[in-house]
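Undergrad: Shown below is the structure under consideration.
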């Protein structure tokens, strides 16, 4: 018999327990609801202490946040440092310029500055957009804007304790920019965001963005008790949204505060290069007027 030969006798038979015989289990394997509950309580207390510590920490070099800046920071802190501290060039691409044109066209129509919602003309090379499926909604917002029930392109600024301030005021900590908000009643509102990019793969990010919109709306308008968010995907002719009561939003607010405080109190901005992040980062490329990319850590394919 060689060493590689299968020998059934070398294997132990499985232990069989009688009905009255308890299994022998180490303390570590024993199910202990009390220990689990204590670990959860310890984790909650640690999170609370971190939240308090972050709220009390002085602001760093990046003193304001927006949802897009927060996403960039969590994706790669160094990209935020380059853009916001070093003021490195960060030009918008054709897709962003297209989105801006579409947003301005819808905004101006809702405000009654022109009467042709289908008359949007984009530059050559820009993908066209068909707003027809959204005309009933946009027309309703236009009508309610005239009645004083809709606000468009709201530039909302908040201090660190969520008091209303200017969008670019010296004490601005949070910046929230809504495409439109419709007040359905004194206590209910619906926030809209026109999306000219893709929906697939962005659902989680956009849901978080809607959460920030809802929290900001509740903080800006104390009388509101219900906010619905609605993302209108113009290219896919699709929609996604969520609904928030004030109580639900206030339960979520500490999580947003903690993430925002991590950004605005940061003093170190380590790079986090990756194939996906660096592919879309302007700092990974040589910009006009510069001799080399600002980021020396950008992901390089071998």
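The values are calculated or read from the model by the stated rules, or taken from the named source; none is laboratory data. It should be emphasised that the depicted structure is a prediction, and the values quoted were computed from it without experimental measurement. Glycine also receives a Cβ, built like all others from the backbone with ideal geometry; neighbour counts cover every protein chain displayed.
Undergrad: Within segment 244-275, how many residues turn out to be part of a helix (DSSP H, G or I) and either at pLDDT 90 or above or under 17 Å from the mean Cα position of the chain (by Cα) (or both)?
TA: 19
Undergrad: Looking at 183, 167, 192, which one is modelled with pLDDT of 95 or more and within 16 Å of residue 68 (Cα to Cα)?
TA: 167
Undergrad: Would segment 108-120 turn up any residue that is part of a helix (DSSP H, G or I), out of contact with any strand residue (DSSP E or B) (no Cβ under 6 Å at 6 or more places or on another chain) and within 23 Å of residue 157 (Cα to Cα)?
TA: Looking through segment 108-120, at least one residue is part of a helix (DSSP H, G or I), out of contact with any strand residue (DSSP E or B) (no Cβ under 6 Å at 6 or more places or on another chain) and within 23 Å of residue 157 (Cα to Cα).
Undergrad: Could you tell me whether residue 58 is surrounded by fewer than 10 Cβ atoms within 10 Å (Cβ to Cβ) and either at pLDDT 95 or above or under 31 Å from the mean Cα position of the chain (by Cα) (or both)?
TA: Taking the combined requirement at face value, the residue satisfies it.
Undergrad: With respect to residue 199, determine if the residue is outside any helix (DSSP H, G or I) and over 23 Å from residue 93 (Cβ atoms).
TA: No.
Undergrad: Given the conditions (1) under 15 Å from the mean Cα position of the chain (by Cα); (2) within 30 Å of residue 142 (Cα to Cα); (3) crowded, with 19+ Cβ neighbours inside 10 Å, which single one is not true for residue 190?
TA: Here residue 190 clears every test but (1).
Undergrad: Is it the case that segment 25-47 has a residue that's under 30 Å from residue 84 (Cβ atoms) and modelled with pLDDT of 80 or more?
TA: Yes, because at least one residue in segment 25-47 is under 30 Å from residue 84 (Cβ atoms) and modelled with pLDDT of 80 or more.
Undergrad: Can I ask one more? Go through segment 210-243 residue by residue and tally those that are in a strand (DSSP E or B) and surrounded by 23 or more Cβ atoms within 10 Å (Cβ to Cβ).
TA: Let us first name the residues in segment 210-243 that are in a strand (DSSP E or B), namely 226-233, 238-243.
The next check asks that each one be surrounded by 23 or more Cβ atoms within 10 Å (Cβ to Cβ); those that pass are 227, 229, 231-232.
Counting residues in segment 210-243 that are in a strand (DSSP E or B) and surrounded by 23 or more Cβ atoms within 10 Å (Cβ to Cβ) gives 4.
Undergrad: Here is a check on your reading of the model: is residue 140 assigned to a helix (DSSP H, G or I) and surrounded by fewer than 15 Cβ atoms within 10 Å (Cβ to Cβ)?
TA: yes
Undergrad: Return yes or no: is residue 237 on the phi > 0 side of the Ramachandran plot, in contact (Cβ under 8 Å) with a residue 40 or more places away in the chain and over 15 Å from the mean Cα position of the chain (by Cα)? Walk me through how you get there before you give the answer.
TA: Details: on the phi > 0 side of the Ramachandran plot: yes; in contact (Cβ under 8 Å) with a residue 40 or more places away in the chain: yes; over 15 Å from the mean Cα position of the chain (by Cα): yes.
So residue 237 passes the test.
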